[in-house]
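Participant: Sharing a structure with you now.
The values are calculated or read from the model by the stated rules, or taken from the named source; none is laboratory data. From a predicted model like this one, the values you see are computed outputs, not experimental measurements. So basically every Cβ, Gly included, is an ideal-geometry build from the backbone, and we count neighbours across all protein chains shown.
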Amino acid sequence: MIVIGHKHFNKSLTLDIENQLIEYFLAMNSIEKIYNGRGNPQNNYYPAEEFNDIFKQIWRHLESLNNDIFLSEARIKDSAIFKASPFKKLTADQINAKGTILNAIRKAVTKKPGQLIFVQGEAGTGKTVLTANIFYELVQMTSEEEFYGLKCHLMVNHDQQLHVYEQMAKRLNLGQDIVSKPTTFINNHDESNKVDISFIDEGHLLLTQGKMSYTGSNQLQDIIDRSKVTVVMFDEYQILTTEEYWEAKELESFKGKSLKQGNYITLNNQLRMHCSQSTKDWLDDLILNRTITKFKGDRDYEVKSFDTPEKLQSAIDAKAENPSTRLSRLVATYDWEYKSDQVPADGGSWGVSIGDWFMPWNYELLKGMSKRELKAIKNLAWAEQKHTINEVGSTFTIQGFDLSYVGVILGPAVKYRDGKVIYDPSENKNDKVTRQRTLQDGSKARFGEMLIRNEVKVLMTRGVSGLYIYAVDDELRAALKNIAKI
């Protein structure tokens, strides 16, 4: 037992200290279970301005007592679980959204079932933290009179993010089979076996056509049919494959339903990237408007372009060696071959090859690891694993996650011609991007340019503190070097 005391402790400060301790414990693999009710973050109080200094003193002392259990703050804050913690203080934007969601849930479970709550927000606007916060609170409230016995379920169609939620549910004792992929939930429930509340994070990754074990035609509709109230977090710019493509009429019908019910919510504040509005505008111009405008510079956010992949790798390696920015990694567009069920003809690894430079794709280095090494990293997200500084990430490993600095390799599918950024599907190696999609009217269409644009947006918005870029295309590389004022 460790007793913590301070001469400035009062009830509010003590509750905030407790809340922060729980949030830190949640992120540590050394902690198996946390027994606690829902969080109780405090607002304005005396001496709130001393909280950070006092907590740092406490944590440094705990580290000195046992640094195998009490990890460094830098390592904790890099953890994917910490970044998705339900104990985070919400922004005003998120608090307003939370109020709307809880009110809709009250309506749904008492008078008006069939509620759809549609939360629209671009990458980095805090959708995952909001999901975790409300879901955890509702699970805790199921023992109270208002929400007694409610069944809650959380879904995400992304392996890395699913693992984060599974670890969170285990450490917080939220129960068995409360987190899953959408297909698993749909196959295990029907309209006679509904849950009360379904949460869907990364709703843009839901399937809108059948695939393997999913035999339906729209996962969102199937989840709505199996739930009294459905909460979906959605970003149209993160749709990455033809299987996830939404026809405008179909998507608007779901948005319209939530609007009619008063349940349509927009999150606007960018919480991930610590950059100015002009930097966000510059990125939107490049990615969405396909024009490279003059970069004005940003004292809080570093943007650099590089002449060679070697220089880009060296810059990211240097950031990763700094404890405060160790979660810095290389990522790339899917413009180089990767086949998980095959070995390359040369017997080596699948990877990104540019001239004499080569680096393996994500997951490739796992193949040479021992069982002991694999066990040591099984609870860590891809970017948290030390060896991944020697791999190139993709949307499959990095979507939904933060990096300190992201080094983006824009492959041959991203070009610059006649003053415009071009997305060229013929250069992309992901058949889920380039193949045709059969639409509801029976016609077929391709959406490769849009899906590559979305891939670029996902990759280039991962960095909290900076974005480093190398472009394979000569003209794009020259445009970035000359105009970005680096």
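Participant: Residues to consider are L327, L374, L380; find the one that is within 20 Å of L467 (Cβ to Cβ) and of a type outside the set (S, T, N, Q).
Facilitator: Matching residue, one of L327, L374, L380: L327.
Participant: Further question on the same structure: Name every residue in region 132-159 that is in a helix (DSSP H, G or I) and either touching a Pro at 6+ places or on another chain (Cβ under 9 Å) or not assigned by TED's automatic domain parsing to the domain that holds E202 (or both), in order of residue number.
Facilitator: Residues satisfying the conditions are A132, N133, I134, F135, Y136, E137.
Participant: Only one of S227, S253 is polar (S, T, N, Q), more than 23 Å from the chain's Cα centre (by Cα), crowded, with 22+ Cβ neighbours inside 10 Å and at pLDDT 90 or above. Can you tell me which?
Facilitator: After ruling out the rest, the residue left standing is S227.
Participant: What is the residue count in region 207-226 for residues that are in contact (Cβ under 8 Å) with a residue 60 or more places away in the chain and either assigned to a loop (DSSP other than H, G, I, E, B) or not hydrophobic (A, V, I, L, M, F, W, C) (or both)? Walk me through how you get there before you give the answer.
Facilitator: In the first step, residues of region 207-226 are kept if they are in contact (Cβ under 8 Å) with a residue 60 or more places away in the chain; the result is 209, 219, 223-224.
Remaining after also requiring either assigned to a loop (DSSP other than H, G, I, E, B) or not hydrophobic (A, V, I, L, M, F, W, C) (or both): 209, 219.
Count: 2.
Participant: Ok, one more. Of the residues W357, W361, only one is of a type in the set (F, W, Y) and closer than 28 Å to K83 by Cβ; which? Give the steps one after another, and end with the answer.
Facilitator: Working: W357 fails: closer than 28 Å to K83 by Cβ.
Every option except W361 fails the conditions.
Participant: Quickly run through region 89-124 and pick out the residues that are within 19 Å of R462 (Cβ to Cβ) and in a loop (DSSP other than H, G, I, E, B).
Facilitator: E122, A123, G124
Participant: Out of the residues in region 365-396 that are hydroxyl-bearing (S, T, Y) and within 14 Å of the chain's Cα centre (by Cα), state the one that is farthest from V164 (Cα to Cα).
Facilitator: S394
Participant: Restricting attention to helices (runs of 4 or more DSSP H) lying wholly within region 392-486, give those where 2 or more residues are farther than 16 Å from T242 by Cα and in the same structural domain as T333 (by TED's automatic domain parsing).
Facilitator: In region 392-486, 395-398, 448-460, 474-483 are the helices (runs of 4 or more DSSP H) which contain 2 or more residues that are farther than 16 Å from T242 by Cα and in the same structural domain as T333 (by TED's automatic domain parsing).
Participant: When you go through I134, I178 one by one, which is the residue that is under 25 Å from D225 (Cβ atoms) and buried (at least 21 other Cβ atoms within 10 Å of the Cβ)?
Facilitator: Just one listed residue meets the conditions, I134.
Participant: Going by what's in this entry, would K89 be described as among the basic types (K, R), touching a helix residue (DSSP H, G or I) at 6+ places or on another chain (Cβ under 9 Å), within 21 Å of I31 (Cα to Cα) and surrounded by fewer than 18 Cβ atoms within 10 Å (Cβ to Cβ)? Steps first, answer last, please.
Facilitator: Details: among the basic types (K, R): yes; touching a helix residue (DSSP H, G or I) at 6+ places or on another chain (Cβ under 9 Å): yes; within 21 Å of I31 (Cα to Cα): no; surrounded by fewer than 18 Cβ atoms within 10 Å (Cβ to Cβ): yes.
Answer is no for this residue.
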